[in-house]
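Below is one structure, written out as structure tokens, with a few remarks after it.
The numbers here are math on the coordinates, done by the rules we state, and not lab data. Since the model is a prediction, treat every value here as computed from it, not as a measurement. Note: ideal-geometry Cβ built from the backbone for every residue, glycine included; neighbour counts use all protein chains shown.
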Amino acid sequence: MSSVILENVSKRFGQTQAADNVSFHVEPGEIFGLLGPNGAGKTTTIRMMLDIMRPDNGRIAVFGGPMTEDKKNKIGYLPEERGLYADQKLMDVILYLASLKGVGKGTAVATSETYLKQLDLWDHRDKKMSVLSRGMHQKAQFIVTVLHDPDLIIVDEPFSGLDPVNTELIKQMLLGLRDRGKAIIMSTHQMHQVEEICDRIVLIHRGRVVLEGAVDAVRRQFAGNTVEVSGTGPFDQLAQVQITEHHNHTWRLSLADGVTPNDLLRELVKHDDITIEHFSLALPSLNEIFIRIVGENEID
């Protein structure tokens, strides 16, 4: 059973079409990237999934059907806008919000201790939220999101305000939750993070789905006829290619019309003066694809 299904979901605010026949599904045991530029309709889509607002048209199913109060306790949501109680102590805030999700005090205390130590917040548990740094707030918000062991986790810019060490910590925790069968929806502008941990993505622009698929498949779809070769030799003298990039014995070669990567590889092995250490199809980054797709749709 899919954790989330959207079928032809639309939402309009006055003259603004925030969601326009949006369809996608999210499965247990995957990290799903919900991507798009500012104002694309991502937040509206998330709020409709959570039943904060209702769609004008279309169908949304969470855990097999309409949202219920019981299902809400199986969801963890980390919004982009942070809002923990500034005048309360960190541990008190966590325990209070855990109680709202139906977590017993003993379980909440034990689980909180585990997460606080894992995220290096244990020594700050009795400090008021107002004195904690932005990164500490972010980690505290993450704990609140996952402490009740939800089956569906929605995180909006989960790495905001985090240094590289804590970014890696949160990333590994998300991967661990995925491996335990949790469905995770991640919305972020950090395309390199999406590339590293997301299994599938959907790209929304102007309320419409403009790209969807597995991350590797999407990158291959936009690869073009370019290869990346590491090695030494006169690559610049090959007649079948045009060099687009050269750095530290790594060459990016754009192939001439009609020339395939296999054709080039067969040609390279004939050259005694060329040594090949690595040969692969040059895949574009998700950031490059994002910019290209959004740019094309701006023109449309």
Practice prompt. Return, ordered by residue number, the residues of region 89-110 whose backbone nitrogen is under 18 Å from a label point located 7 Å along Cα→Cβ of ASP123.
Written response: 90-91
Practice prompt. Mind checking which aspartates and glutamates have their Cα closer than 15 Å to the Cα of LYS89? Skip sequence neighbours fewer than 8 apart in that chain.
Written response: GLU113, ASP123, ASP126
Item to complete: Report, in degrees rounded to the nearest 10, the 0 to 90 angle that the Cα long axis of helix 90-100 makes with the longest principal axis of the chain.
Response: 80
Item to complete: Would you work out the charge dipole size for region 117-178 about its Cα centre, treating the Cβ of every Lys and Arg as +1 and the Cβ of every Asp and Glu as -1, and quote it to the nearest 20 debye?
Response: 160
Worksheet item: Farthest toward the dipole's positive end in the chain, which of ALA282, HIS148, LEU238, given Cβ charges of +1 (Lys, Arg) and -1 (Asp, Glu) about the Cα centre?
Response: HIS148
Discussion item. I'd like the antiparallel share, as a percent to the nearest 5, of DSSP beta bridges with both residues in region 131-244.
Written reply: 55
Worksheet item: How much of the DSSP beta bridge set in the chain is antiparallel, as a percent to the nearest 5?
Response: 70
Discussion item. Take the chain, mark every one of the GluC sites (Glu not before Pro) that falls in a DSSP loop and has at most 14 other Cβ within 10 Å, then report the longest stretch left between them, sites excluded.
Written reply: 82-300
Worksheet item: What is the dipole size for the chain, taken about its Cα centre, with +1 at each Lys and Arg Cβ and -1 at each Asp and Glu Cβ, in debye to the nearest 20?
Response: 1380
Worksheet item: Please state the relative contact order of region 224-282 as a whole percent: Cα pairs under 8 Å, 6+ residues apart?
Response: 50
Practice prompt. Could you list, in their original order, any pairs among LYS72/LYS128; LYS71/LYS117; LYS74/LYS127; LYS128/LYS171; LYS101/LYS139 whose Cα atoms are separated by more than 24 Å?
Written response: LYS72/LYS128; LYS71/LYS117; LYS74/LYS127; LYS128/LYS171
Discussion item. Please give the charge dipole size of region 224-282, origin at the Cα centre, charges +1 on K and R Cβ atoms and -1 on D and E Cβ atoms. Round to the nearest 20 debye.
Written reply: 80
Discussion item. Need the C-alpha centroid separation for region 214-269 versus region 37-99, integer Å.
Written reply: 46
Item to complete: Quick one: go through region 1-35 and flag any residue whose amide nitrogen is under 15 Å from the point 7 Å out along the Cα-to-Cβ line of ASP51.
Response: 4-5
Fill in: Among ILE75, LEU203, SER133 the positive-end extreme of the charge dipole of the chain (Cβ point charges)
ILE75
Worksheet, complete the sentence: The answer for VAL4, listing residues at least 5 apart or on another chain whose modeled amide H is closer than 5 Å to its amide H, is VAL26, PHE63
Discussion item. Can you match Cα extents along the principal axes in Å to one of these, (i) 62, 50, 36; (ii) 75, 51, 28; (iii) 71, 48, 33, based on a calculation from the structure here?
Written reply: (iii)
